[in-house]
Amino acid sequence: MAPRRETVVELIDEMSLLLRAARLMAQRSTARVDLPAPLVGVLWTLYSHGALRQNQLADRLCISESALSRQISVLAGDGLIERTRSEDDGRVSLVQISEAGRDRLNAALEHRADDYAPKFTDWSDDQARDVLATIVTLRRAIAE
């Protein structure tokens with residue numbers, strides 16, 4: 001049975017507030033490594049999935065290719081990503097994280113974990129895992 005409309009409205013409101021709070025936390029954490037949160041997202045996706053075509057990367061990030069192109073230019077200019085050719089098809093250009101990009105990403109993720117950890121000191125690992133499972137289910141539901 002589907003949730004009531006009122007419940008869906010409350011869920012949407014809470015998701016909106018959660019996204020704002022998470023964005024603010026991400027901005028605070030990434031400011032310490034001079035790397036805006038959206039760029040951390042690009043680096044994380046490349047770290048997680050390996051070299052990707054730019055259109056594949058845009059799809060995974062749920063952003064337009066033009067927005068991604070600007071981010072790619074900044075990251076490439078800072079030496080945090082590299083452009084390569086596909087071994088399967090030399091006409092295809094791929095984007096991948098560089099060693100310097102891995103270092104900056106790791107620093108950003110460490111700061112983020114340090115900032116978030118105090119928020120969860122009263123949670124058990126089981127509680128955190130339950131919330132994580134719910135968030136994964138939610139993300140999958142709205143990403144379809």
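Rundown of residues vs (1) closer than 30 Å to Leu18 by Cβ; (2) modelled with pLDDT of 95 or more, yes/no style:
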{"site": "Leu61", "(1), (2)": "yes, no"}
{"site": "Gln71", "(1), (2)": "yes, yes"}
{"site": "Glu87", "(1), (2)": "no, no"}
{"site": "Gly90", "(1), (2)": "no, no"}
{"site": "Ile97", "(1), (2)": "yes, yes"}
{"site": "Arg102", "(1), (2)": "yes, yes"}
{"site": "Asn106", "(1), (2)": "yes, no"}
{"site": "Ala117", "(1), (2)": "yes, no"}
{"site": "Asp125", "(1), (2)": "yes, yes"}
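Have a look at Leu109, Leu94, Leu105, Leu80 and point out the one that is farther than 20 Å from Ala143 by Cα and in contact with a Gly (Cβ under 6 Å, 6 or more places away or on another chain). Steps first, please.
Details: Leu109 fails: in contact with a Gly (Cβ under 6 Å, 6 or more places away or on another chain); Leu94 fails: in contact with a Gly (Cβ under 6 Å, 6 or more places away or on another chain); Leu105 fails: in contact with a Gly (Cβ under 6 Å, 6 or more places away or on another chain).
The conditions single out Leu80.
Can you find, within segment 37-63, the residue that is nearest to Ile142 (Cα to Cα) among those that are in a loop (DSSP other than H, G, I, E, B) and either free of Cβ contacts under 8 Å to residues at least 60 places away in the same chain or of a type outside the set (A, V, I, L, M, F, W, C) (or both)?
Going residue by residue through segment 37-63, those that are in a loop (DSSP other than H, G, I, E, B) are 50-51, 53, 62-63.
So of that shortlist, the ones also either free of Cβ contacts under 8 Å to residues at least 60 places away in the same chain or of a type outside the set (A, V, I, L, M, F, W, C) (or both) come out as 50-51, 53, 63.
Values: Gly50: 25, Ala51: 26, Arg53: 24, Ile63: 15 Å.
Once the filter is applied, the top-ranked residue is Ile63.
Output the residues belonging to segment 64-108 that are of a type in the set (A, V, I, L, M, F, W, C), surrounded by fewer than 17 Cβ atoms within 10 Å (Cβ to Cβ) and outside any helix (DSSP H, G or I).
Val92, the sole residue that qualifies.
If I ask for residues that are hydroxyl-bearing (Ser, Thr, Tyr) and closer than 18 Å to Glu99 by Cβ, which ones from segment 27-81 would you list?
Filtering segment 27-81 down to residues hydroxyl-bearing (Ser, Thr, Tyr) leaves 29-30, 45, 47-48, 64, 66, 69, 73.
Result: Thr45, Tyr47, Ser48.
Residues in segment 31-57 that are more than 21 Å from Leu109 (Cα to Cα) and surrounded by 15 or more Cβ atoms within 10 Å (Cβ to Cβ): how many?
If we filter segment 31-57 for residues that are more than 21 Å from Leu109 (Cα to Cα), which is where we start, we get 52-56.
Now restrict to residues that are surrounded by 15 or more Cβ atoms within 10 Å (Cβ to Cβ): 52, 54.
Counting residues in segment 31-57 that are more than 21 Å from Leu109 (Cα to Cα) and surrounded by 15 or more Cβ atoms within 10 Å (Cβ to Cβ) gives 2.
Are any residues in segment 4-33 within 18 Å of Lys119 (Cα to Cα) and not hydrophobic (A, V, I, L, M, F, W, C), and if so, which ones?
Answer for segment 4-33, where residues must be within 18 Å of Lys119 (Cα to Cα) and not hydrophobic (A, V, I, L, M, F, W, C): Glu14, Arg20, Arg23, Gln27, Arg28, Ser29, Thr30.
The values are calculated or read from the model by the stated rules, or taken from the named source; none is laboratory data. Keep in mind that what you see is a predicted model, and the values were worked out from it rather than measured. Counting neighbours? That spans all protein chains shown, and the Cβs are built from the backbone with ideal geometry, glycine included.
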